[in-house]
Structures are given as structure tokens and as C-alpha cells.
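Novice: Would you mind keeping the following structure in view while I ask a few things?
The values are calculated or read from the model by the stated rules, or taken from the named source; none is laboratory data. In this text, all values refer to a predicted model and were calculated from it rather than measured experimentally. Here the Cβ positions follow ideal geometry from the backbone for every residue, glycine too, while neighbour counts run over all protein chains shown. Accessible surface is based on the protein model in full, side chains and every heavy atom, while ligands, DNA and RNA are left aside. Shrake-Rupley method; radii C 1.70, N 1.55, O 1.52, S 1.80 Å.
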Amino acid sequence: MAQPLEFEKPLLELEQKILELQKFSAEKGIDLSVEITTLEHKAVVLKKNIYGRLQPWQKVQIARHSERPNFYDYVQLLFEDFIEMRGDRLFADDRAIVGGVALFKGVPVTVIAQVKGKDTKENLQRNFGMPHPEGYRKALRLMEQAEKFHRPILTFIDTPGAACDLAAEERGQGEAIARCLVAMAGYHVPIISTVMGEGGSGGALALGVGNVVLMLEHTFYSVIAPESCASILWKDPSKAQEAATALKFTAEDCLRLGVADEIVKEPLGGAHKDAHRAGEELARVLEKHLSRLRGEAPEVLRQKRYDKLRAIGIFQEKQRLDQSVSETLTNLDEDVKITE
Amino acid sequence: MFKDIFRKTKYVTISSVPAPRRLAPEAAPETVMIRKELPDGLWVKCPKCGEVLFTKDLEKNAKVCTKCSYHFRISARERLELLVDEGTFAEWDNDLQTVDVLEFPGYSEKLAEAREKAQMPEGALTGRGVIEGVPVVLCFNEGAFMMGSMGSVVGEKFTRAIERAIDLRLPVIIFSTSGGARMQEGILSLYQMAKTSAALTRLAEAGLLYISVLTDPTFGGVTASYASLGDILIAEPGALIGFTGPRVIKQTIRQELPPGAQTAEFNQEHGLIDLVVERSQMRSLLGRLLRYHQEGAGYGSAVRI
Ligand SMILES: [Zn+2]
């Protein structure tokens, strides 16, 4: 049984009550079926209300749930084989990023995944899923091989952000991430990036330059952690809940803003309620996109990836307004050129 | 919600440039630069050595302390004037306007303040100019505009400038000063890192030179994208450069950075940048580097510099 989140408690209490009534009824031989049916009906409604309209902050809690399945929980469901490759050949092997060669529905693929620990010990080993530069350089090394051997790349994002400490600064955290961005933009192989849990800022983006970006239903992908955003905006990290709403970072938001291409359904209440089903659905969606992308020519894949990135961003442009709309609006043009 | 934005009739909102868009050089909307007014106040105190400096003397010295060489922050336009041959700069895309697409709390007000403070429509200045006789595409962050942060407009302006450089077969110099990706445009800001980097992938494939000059301060998503991707990385003395700011590192993991961490010199010691160069030497250095990388200057050609 998964650790319940605060907003799930009313439902769990109700379910507990139903269980007790059923037990009582069976033990004492008293017919409580009317009462039980009423409560069961109530539970269905409550379930829909809670899980059907999860607020951004509740999604954050699900995405960060200590029992949320990580990459290793999905490995056997997704791949027929997975051979892990370690080290960046420069400094160390970072455990916050795992990579290797896998067989996906009979197709050899390169896999890069951010991995959070399941307990304190593992989290210390994996730095809570926050990669150091050597993690990104390992990812880059393995992705270069994917390009060399014409293997599709599947990346799995789940990080609060890139490691932030002196060591990361000394070894060029910024450069390590930037190199991943530049390299991924240039590859001729299909790339699918999946946000599996937390998509924390630049540290997540480093694996996010896909032809297709998938997001599991209860994940978020953000320029900044909601706590940090709240402490900058309102000098109060406890207002993270408001920040979570303001940042518009849920899977639906990212889909609308043109960053995510498809949302992968999770079992009711989140992937941690049924990792097996979550993994099967992810495999289904991945296969759908991969088989489509494998039909594209290498140069087309690269161009389309560029086009996708090129299209991200929303702004207004007077010049084009002029051309595309009407001359009644030309007076708008005049007050725009403030530099003249 | 932000989908309503597409229904507003007053402006047209463009959520993309149809790519690949090969812009003819003539198609680039260009505006002529103007001189920025001198800042108020007759004198300032050097934050490093405490010397009282007359604003006029400071201006004459490219805003570098005459006593201790402390480099004051300067605006994009001031930097531009220190660099380009007179009258050669043509500005691009000055008509791109920011959209508060997330309807983010306080963003509209912050934008208005920033426009006022920086006297610029957004936090980026891009265009084409000539440095010591060599034509070049130039991009600048404007630090006074929301800490030089990168949202959709900054990302788009830089990307267009890089794409035009490819069309015009010109080298690119980007002067960074930025707190990183702009929080108020959420995930769109984050992906400007990928967008600008992807344009630089193409620039590199076209065999064109990219010089990145990191100035005080350069952090976050900008360090983790274009600022770190130069063929040559140059920084001004004392400039703070890093991925995570010292305050955030302290808050997050309670680690106090040692004195001098994240300075230009620290970055150079750790092998992360090529050169630390005084502001007064920047133009001549860039001029030399541009000449040595001019087309036809490579091995096998008859050109002598
Ligand atoms: Zn001084």
C-alpha cells in the first residue's frame, strides 16, 4: 500500500469505513448492504473528484512520491534486455544518470535515464537524482555512440535539477548541460524524451531535446522548482503551492505550450499505485512513436527536431502584424520603434 | 487561461517561426542605434577599492575603476559602442514584443519597469556590425532588463541572429550577462536554451566562428546553453560565472562557496574558459581573433593576415 498523500486521506478514510462495515456485517450477520452501497457510491464520486481534477501542487506531490516507480522499476517492462554502460571516461561514473544499450520490441536502442533513489542510502548514492557534470558527459558519450551506430535514443527524465554544489561548478555543470543540448540537436537518429517524474529545469532539459517529448500524466516540467520560485517571488518557500499554479508546468500545460507532444496516461491516483500498468502504457506509447520515427530519413529527423525547437516560444511581432493583418493596425507600429 | 491569448484581437501572436526559414539578409528589419544617455550622478564609489570616481572619468575609462581596474557592469548599448567601428551597427528584430503568456503574477508590471529601467523593449540587442574592419553578427544580453533573463523574445532574437549569420556567412559574438532562463515564461524560457543551442549546432556545422564573451554575471540557463558553447570563451576580470548562484547553493545544500569561487579567474583555473580579458583590450583581441578566423585564412589558402 502506497504512502497516502494529504489530499487522498478523505478517500482512504471512507474506504476504511466501508471495509469495517463489511466486516461488521459479516461477523454479526446484520444486513448493512444499503449503507454500504451508499458509501461505495460516495467513494466513487470522491475518487473522481480527487483524481479527476488534481491541482498542480498535488501533481507535484505525486511526481515526487517516494514510491513513484523509477527507471529500474520499468526496465523489465520496457526492454527485453538492458546492458548498463558506466562512466564518462573523464572523471567518474555518476549514479544519478544511468545509461546503456537496450532492446526495445526487438530494436536496439540507447537508453539514458535519470534515477532517484528509493531510500536514503540509495538517494545519497544517486545524489537524489541530481546529476553532476560527469553524468551529463556520460550521457553525451553514450548518445554519440547511438549516432555512430544509428541507434534510436530514449531518454527518461526524473530530476529535481542538476547538482548544485562547488564540485559541479568546478567541473563545468553549465558546459556539460549545454553540450548535451547542442549534440542532441544535431543527431540523425530518432530521439524520444519522456518526463517520468520531476522535470527540474536545465538539469532535465539536458535530456529533453527529443523529436518527441512525452510526459507521464502526473509529472511536471519546469524552468524552476516551485519552492525556489516562491522564495524569489514572495520571499516565502512555503508558498510553493501558488508558484506551482503560476508556473503552468503540468503535462497539460506543456502540451498546450508546444513542448510536450503526448501525455501518457497513469493509473488512477498515479503510477505508484500500479507500476506495471504505468509501464505497459508507457511502452505502448513509446512503441507507437518509435515505429513512426524509424520510418523517417536521418536528415528529416534532424530537420523536424530543429523545427520543433524552433517553434517553441510565444511573442508578438509588429513587422509581421503589418504584413499579415490589416492596415488599420499600422498605428501600433509607430509607438513600437522606441529606439528611433 | 493562456489559450485566451490567441483570441485577443489587438495583436497577432506568433508562436513560431515556420522553419526552416532562410532569411535573406535584406529581409532583416533593421533599426539604427542611438546613443544611451549618461547615467545620473556626478560620482560613484568603487565597490572594490572604495575610491570615489567621477562619472565622467569612469565613462572615459569604459566604466573600469581607474585605481583598481574593477569592471562596473555596463549596458548592452554601451558595450556595443566600445566594440564596433563607428556607424557600422544595424540592429535587428527590435520589434519583437513580449507576451505574458502564462499570465504570471506581477510579470506585466515587471516588464514595464524593466523597459523603463533599461530603455529597451526587451533584454536582448542583436544586429550586424563591423569590428576592426571585420563584419560580424553581435548579440548582447541587457543586464538591466530583468537581470538579463532569457524568455521567448531573447531566445528568438538570438536564434534569428545566429540563423542570419549562417545565411550571411558571418561569425557570431555573444556577450552574456544573465541570471538564466526567465521564470515568468515557464517552460517556454527553458526551451529557449535548447533553441539557441540548436541554432549554434548549425552555425558550427557551417564552419563559422562563435566567440562567447561572459560578463558579470552569467548564470543558470544561459551558462547551460549558448554562453558555454563558443569556439572561444572569454570573460571579463572578476565576472561571476556559474551554473547555480552562490545563494541558491547555500540555501539548497548549506554549502558556503570559498572566496573567489565562480569568478572568471576561478573558471579559467578549472579549465572552463580560454581567456580573461580587460575591457580595454576586448576590441583589439576580438579584432585579431576575427581576422585569424576569416574565410580564406585557413591552411591551404593564399591569404596572409
Ligand atoms: Zn576600484
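Novice: Just the Cα atoms of segment B:155-290: what Rg and Dmax do they give in Å?
Specialist: 15.4, 49
Novice: Hey, any idea what % of chain A's accessible area is carbon plus sulfur with a 1.4 Å probe? The partial results should precede the final answer.
Specialist: Values: 7700 of 14510 Å².
For chain A, the apolar C and S fraction of the accessible surface comes to 53 percent.
Novice: Within segment A:194-278, which GluC sites (Glu not before Pro) sit in a loop by DSSP and count at most 15 neighbouring Cβ atoms inside 10 Å? Could the numbers behind the result be given before it?
Specialist: Details: sites: A:GLU198, A:GLU217, A:GLU227, A:GLU242, A:GLU252, A:GLU262; in loops: A:GLU217.
Passing both the DSSP loop test and the Cβ count: no residue.
Novice: Further question on the same structure: Where the Cα atoms of segment A:1-145 are projected onto their three principal axes, how long is each span, largest first, in whole Å?
Specialist: Projected onto its principal axes, the Cα set of segment A:1-145 covers 71, 33, 28 Å.
Novice: Based on the alpha-carbon gyration tensor of the protein assembly as shown, what equivalent-ellipsoid semi-axes (square roots of 5 times the eigenvalues) come out, in whole Å, largest first? Could the numbers behind the result be given before it?
Specialist: On the way: eigenvalues 422, 149, 128 Å².
Working from the Cα gyration tensor, I get semi-axes of 46, 27, 25 Å.
Novice: Compute the FRET efficiency between B:GLN251 and B:SER284 as 1/(1 + (r/R0)^6), taking r as their Cβ-Cβ distance and R0 = 45 Å, and round to the nearest 0.05. All intermediate terms of the calculation are to be shown ahead of the outcome.
Specialist: Working: r = 42 Å, r/R0 = 0.92.
The pair B:GLN251/B:SER284 has a calculated efficiency of 0.60.
Novice: As an exercise, take the mean of 1/r over every pair of distinct alpha carbons in segment A:65-174, invert it, and state the Kirkwood radius in angstroms.
Specialist: Working: mean 1/r = 0.0703 Å⁻¹.
About 14.2 Å for segment A:65-174.
Novice: A follow-up question, please. By how many nm would the segment from A:GLN76 to A:HIS276 lengthen if fully extended, with 0.36 nm per residue of separation less the alpha-carbon distance? Mind showing how you got there, number by number?
Specialist: Details: separation 200, 0.36 × 200 = 72.00 nm, distance 0.98 nm.
71.0 nm is the gain from fully extending A:GLN76 to A:HIS276.
Novice: Give the lysines whose C-alpha is closer than 16 Å to that of A:LYS59, dropping any in the same chain fewer than 8 places away, or say none.
Specialist: In chain and number order, the partners are A:LYS9, A:LYS47, A:LYS48, A:LYS239, A:LYS248, A:LYS265, A:LYS273.
Novice: Under 13 Å from the Cβ of A:ILE18, count the other residues' Cβ atoms, weight Lys and Arg +1, Asp and Glu -1, and hand me the total. Mind showing how you got there, number by number?
Specialist: Working: positive: A:LYS17, A:LYS23, A:LYS42, A:LYS47; negative: A:GLU13, A:GLU15, A:GLU20, A:GLU35, A:GLU40.
Counting the neighbours of A:ILE18, the net charge comes to -1.
Novice: Which of the GluC sites (Glu not before Pro) found in segment A:25-119 are in a DSSP loop and have at most 14 neighbouring Cβ atoms, other than their own, within 10 Å?
Specialist: Passing both the DSSP loop test and the Cβ count: A:GLU80.
Novice: On to the next question. Please give me, ordered by residue number, the trypsin sites (Lys or Arg not before Pro) of segment B:52-159 that lie in loop per DSSP and have at most 13 other Cβ atoms within 10 Å.
Specialist: Those satisfying the criteria are B:LYS67.
Novice: Could you give each residue of segment A:156-161 its phi-based ³J(HN,Hα) in whole Hz, using Karplus coefficients 6.51, -1.76, 1.60 with θ = phi - 60°, and x for Gly or Pro?
Specialist: Karplus-based 3J(HN,Hα) across segment A:156-161 equals 10, 9, 7, 8, x, x Hz.
Novice: Chains A and B: buried accessible surface, both sides, probe 1.4 Å, rounded to 100 Å²? If you can, show how the numbers build up before the last one.
Specialist: Numbers: alone 17870 and 16440 Å², together 27670 Å².
Between A and B, the summed buried area is about 6600 Å².
Novice: Then there's this: State the Kirkwood hydrodynamic radius of chain A in Å, one decimal place, computed from all pairs of distinct Cα atoms. Don't jump to the answer; show the numbers that get you there.
Specialist: Numbers: mean 1/r = 0.0451 Å⁻¹.
Averaging 1/r across every pair of different Cα atoms and inverting gives 22.2 Å.
Novice: Can you compute the helix-only [θ] at 222 nm over chain B? Use -39500 (n - 2.57) per DSSP H run of at least 4 residues, normalise by all residues, nearest 500 deg cm²/dmol. The partial results should precede the final answer.
Specialist: Numbers: 9 runs with 95 residues, N = 305.
Calculated mean residue ellipticity at 222 nm is -9500 deg cm²/dmol.
Novice: Right, something else. Quick check of the Kirkwood formula: for chain B, what is the inverse mean of 1/r over all pairs of different Cα atoms, in Å? Each step should come with its number before you reach the end.
Specialist: Numbers: mean 1/r = 0.0493 Å⁻¹.
By the Kirkwood definition, the hydrodynamic radius is 20.3 Å.
Novice: Antiparallel DSSP bridges in segment B:74-292: what percent, to the nearest 5? Before the final figure, lay out the partial values.
Specialist: On the way: 11 of 29 bridges.
Of those bridges, close to 40 percent are antiparallel.
Novice: Out of the total accessible area of segment B:138-295 (probe 1.4 Å, heavy atoms of protein only), what percent is carbon and sulfur? Provide the component values of the computation, followed by the final result.
Specialist: On the way: 2460 of 4730 Å².
Percent of accessible area from carbon and sulfur atoms in segment B:138-295: 52.
Novice: Shielding of A:180-190 by partners, i.e. mean partner chain Cβ atoms within 10 Å per residue? List each step's numbers first, then the result.
Specialist: On the way: counts 3, 14, 13, 2, 4, 8, 7, 1, 0, 0, 0.
Averaged over the peptide's residues, the number is 5.
Novice: At B:LYS60 and A:VAL34, where each label point lies 7 Å from the Cα along Cα→Cβ, what is the point-to-point distance in nanometres?
Specialist: About 9.9 nm, to one decimal.
Novice: Based on DSSP, what percent of beta bridges with both residues in the protein assembly as shown are antiparallel, to the nearest 5?
Specialist: Details: 37 of 75 bridges.
Looking only at bridges with both residues in the protein assembly as shown, the antiparallel portion is about 50 percent.
Novice: From other protein chains only, count the Cβ atoms within 10 Å of every residue's Cβ in A:226-235, then give the mean.
Specialist: On the way: counts 0, 2, 4, 4, 0, 3, 3, 5, 2, 0.
Mean partner shielding for this stretch: 2.
Novice: Quick check on segment A:60-309: of the DSSP beta bridges with both residues there, what percent are antiparallel, nearest 5%? Write down the numbers at each step before the final one.
Specialist: On the way: 14 of 34 bridges.
In segment A:60-309, approximately 40 percent of DSSP beta bridges are antiparallel ones.
Novice: Evaluate the distance, in nm, between pseudo-label points positioned 7 Å from the Cα of B:GLU103 and of A:LEU103 along their respective Cα→Cβ axes.
Specialist: My value for the distance between the label points is 5.3 nm.
Novice: What's the ranking of B:195-204, A:155-164 by average number of surrounding C-beta atoms within 10 Å, highest first? Don't skip to the answer; put the middle values down first.
Specialist: On the way: B:195-204: 24.7, A:155-164: 26.7.
Final packing ranking: A:155-164, B:195-204.
Novice: Mind giving me the FRET efficiency for B:ASP274 and A:ALA26? R0 is 60 Å, r the Cβ-Cβ distance, nearest 0.05 is fine.
Specialist: Calculated transfer efficiency: 0.15.
Novice: For the protein assembly as shown, with every protein chain kept in place, what is the accessible area per residue (1.4 Å probe, Å²)?
Specialist: Numbers: 27670 Å² over 645 residues.
Using a 1.4 Å probe on heavy atoms only, each residue of the protein assembly as shown averages 43 Å².
Novice: Report A:HIS65's accessible area, 1.4 Å probe, all protein chains in place, as a number in Å² to the nearest 10.
Specialist: Spelled out: A:HIS65, probe radius 1.4 Å, area about 20 Å².
Novice: What FRET efficiency would be calculated for the residue pair B:GLU132, B:GLU295, taking the C-beta separation as r and a Förster radius of 22 Å, to the nearest 0.05? Spell out each step's value before the answer.
Specialist: Details: r = 16 Å, r/R0 = 0.74.
The value I calculate is 0.85.
Novice: At a threshold of 8 angstrom on Cα-Cα distance, excluding pairs fewer than six apart, so keeping six or more, what relative contact order does chain A reach in percent? Please report the intermediate quantities before stating the final value.
Specialist: On the way: 569 pairs, mean separation 48.9, N = 340.
Rounded, it is 14 percent for chain A.
Novice: Sticking with this one: If I take every Cα pair under 8 Å that is 6 or more residues apart in segment B:174-305, average their sequence separation and divide by the length, what percent do I get for the relative contact order?
Specialist: Details: 190 pairs, mean separation 26.7, N = 132.
It rounds to 20 percent for segment B:174-305.
Novice: A follow-up question, please. Run the quick spin-label model on A:GLN303 and B:GLU265: label points 7 Å from Cα toward the beta carbon, then report their separation in nm to one decimal.
Specialist: Label-label distance for A:GLN303 and B:GLU265, simple model: 5.2 nm.
Novice: Expressed as a rounded percentage, what relative contact order does chain B have, with Cα pairs under 8 Å and six or more residues apart? Walk me through the intermediate numbers first.
Specialist: Numbers: 538 pairs, mean separation 40.6, N = 305.
Reported relative contact order: 13 percent.
Novice: Residues of B:216-229, mean number of Cβ from any other protein chain within 10 Å of their own Cβ, rounded to a whole number? Display every interim value, and only then the final one.
Specialist: Numbers: counts 0, 0, 1, 1, 5, 8, 3, 8, 17, 7, 3, 3, 10, 6.
So the per-residue partner count for this stretch is 5.
Novice: Which net charge results when you count Lys and Arg as +1 and Asp and Glu as -1 among the other residues whose beta-carbon is under 10 Å from that of A:GLU67? Intermediate results must be reported in sequence, preceding the final value.
Specialist: Values: positive: A:ARG68, A:LYS118, A:LYS273; negative: A:ASP73.
Summing Lys and Arg as +1 and Asp and Glu as -1 gives +2.
Novice: Next question. What would the Debye equation give as log₁₀ I(q)/I(0) for segment A:6-53 at q = 0.22 Å⁻¹, counting only Cα atoms as equal point scatterers?
Specialist: -0.73
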